[in-house]
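The values are calculated or read from the model by the stated rules, or taken from the named source; none is laboratory data. Note that the coordinates shown come from a computational prediction; the quantities given were computed from them, not determined experimentally. Note that we place each Cβ from the backbone using ideal geometry, even for glycine, and neighbour counts take in every protein chain shown.
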């Protein structure tokens, strides 16, 4: 069907879905490990079935392992290890989130068995990607999300290549009202829910292609816990939790009309 004469709506395209660009999980732990070069090679060998590191850089302060991924020259799967930190990141790959979480689980489990860190202090998860816009994502943000008067930009006397907004949301507790009880039943007390992670979220026009909206969430948990098998699984589950937040909270926040919001 020809798109000739189509008037852009500057809204998300019909049926547009979030397209991930990258995932990252990072853990800070205690006690510090010793970065002995031989140990680094041995650890990489143990991971050969799930992480084929073709590039390695083993320094006294940091180990870097890199595997090229996908058709894009920018695609990679990278592992960085420092004395009190490990991070795993994949970017510009066609692989699904499940692929990433499965490998993170195997790698973190092997890391714990090899280096025996006692405590996870902080966990960071980052997810980023794009959403297609029928027109210009800058106009979507100014006209449909923020109601920003674009005439304000005229004072710069130059084009605006990127426009965006950012949210910062702390860990918090909130009250969930109980359901109305049947007649004759005692009313239940409100339930207190705890969200134990801080999140930084942003939505901005994609610099290289304004027809796409760039989305990113960076979340941080700061609750120390002993590192065992259950902890590793908890960390992997957090990646899924952040993905769900982005899809079911951040995107609807931007795309739903206020009068249509259900919660």
Looking at the structure I just gave you, is residue 14 at pLDDT 95 or above, outside any helix (DSSP H, G or I) and surrounded by fewer than 17 Cβ atoms within 10 Å (Cβ to Cβ)?
no
Considering every residue within the stretch 239-255, establish whether at least one is farther than 30 Å from residue 113 by Cα, in contact (Cβ under 8 Å) with a residue 40 or more places away in the chain and in contact with a helix residue (DSSP H, G or I) (Cβ under 8 Å, 6 or more places away or on another chain).
yes
Identify, by number, the condition in (1) in contact with a helix residue (DSSP H, G or I) (Cβ under 9 Å, 6 or more places away or on another chain); (2) under 30 Å from residue 224 (Cβ atoms); (3) modelled with pLDDT of 95 or more that residue 32 doesn't meet.
(1)
Is it the case that the stretch 171-184 has a residue that's closer than 20 Å to residue 91 by Cβ and either loosely packed, with under 10 Cβ neighbours inside 10 Å or in contact (Cβ under 8 Å) with a residue 24 or more places away in the chain (or both)?
no
So, of the residues in the stretch 41-65 that are surrounded by 15 or more Cβ atoms within 10 Å (Cβ to Cβ), touching a strand residue (DSSP E or B) at 6+ places or on another chain (Cβ under 6 Å) and at pLDDT 95 or above, which turns out to be nearest to residue 103 (Cα to Cα)?
65
Of all strands (runs of 3 or more DSSP E) completely enclosed by the stretch 184-263, which ones contain at least 1 residues that are more than 21 Å from the chain's Cα centre (by Cα), within 30 Å of residue 104 (Cα to Cα) and modelled with pLDDT under 95?
191-195
If you go through the stretch 60-78, how many residues are closer than 23 Å to residue 123 by Cα and either touching a helix residue (DSSP H, G or I) at 6+ places or on another chain (Cβ under 7 Å) or not in a strand (DSSP E or B) (or both)?
4
Here are the criteria: (1) buried (at least 19 other Cβ atoms within 10 Å of the Cβ); (2) over 21 Å from residue 167 (Cα atoms); (3) touching a strand residue (DSSP E or B) at 6+ places or on another chain (Cβ under 8 Å). Tell me which single one residue 192 does not satisfy.
(1)
